[in-house]
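Throughout, read-outs are computed from the coordinates displayed, never taken from laboratory work. Just so it is clear, the structure is predicted and the values come from calculations on it, not from any experiment. Please note: Cβ atoms are built from the backbone with ideal geometry, for glycine as well, and neighbour counts cover all protein chains shown.
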């Protein structure tokens, strides 16, 4: 293979890898990620088209993934999914705050509660060979939504449970782990872990923290909130 062509393929693969780990998630990034991933897959097929074992493996992998995603699935068990969601959220503790971020290189408040649920769905789908939660996770990744949108039951993803003058004054017996608190201003969202603990990507502290209530030091815990529940985590 000629050196310029080789540099082109290597550059394409590196650009795809960089985009896949880039923390900020918006429409241009999502479109670019999909297009570059497909282009990388096509380039690998072209690169290895004379090596039959590699070509067979690449084609088989593509068919396997496509077949899995279109295969009929079933709704995941809400309890198992909720437990996976809570574990997923806690893996982001300490991650730095970046506005628009949605992975461990940088994340914001709505990105945290979304990324946790996306990760939980994909893992549950793969481990149980159930494409339905994987499709849901991909749909949630594609349809970005802010804290304000989550508080407005955007696309039916969340349902309002109750409201409170603040998280510090909230009756925790009315909520369950996995519920999220959206400030009435629509600028911040936190997730309830249970045992009086909440997790948030705090824009003031510039990182993801777990806070136990009542909290006198964190101003977000004195803000009026609406408590929302992911509809996917509700018992059917």
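Computed values, structure above
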{"read-out": "Residue 154-residue 68 pseudo-label distance in nm [points 7 Å out on the Cα-to-Cβ vector]", "value": "2.8 nm"}
{"read-out": "Cα-based shape type of region 3-70, given that a ≥ b ≥ c are square roots of the gyration tensor eigenvalues and the cut on a/c is 1.5", "value": "oblate"}
{"read-out": "Mean separation of Cα contacts under 8 Å (6+ apart) over length of region 1-148, as relative contact order %", "value": "24 percent"}
{"read-out": "Potential lengthening between residue 46 and residue 87 on full extension [0.36 nm per residue; Cα-Cα distance subtracted]", "value": "10.7 nm"}
{"read-out": "Share antiparallel - DSSP beta bridges, the chain, percent rounded to 5", "value": "95 percent"}
{"read-out": "Taking the convex hull of Cα positions in region 78-233, its mean projected area over all directions (nm²)", "value": "8.1 nm²"}
{"read-out": "Helix 3-21 axis, angle to the chain major axis (alpha carbon atoms, nearest 10°)", "value": "20 degrees"}
{"read-out": "Max mean-square fluctuation residue, GNM over the chain, Cα-Cα springs under 10 Å, options 70, 189, 134", "value": "70"}
{"read-out": "Estimated 222 nm signal from helices in the chain, with DSSP H stretches of n ≥ 4 weighted -39500 (n - 2.57), rounded to 500", "value": "-15000 deg cm²/dmol"}
{"read-out": "Relative contact order %, region 78-233, counting alpha carbon pairs below 8 Å whose residues are six or more apart", "value": "28 percent"}
{"read-out": "Separation of the residue 26 and residue 60 label points, Cα + 7 Å toward Cβ, nm", "value": "4.2 nm"}
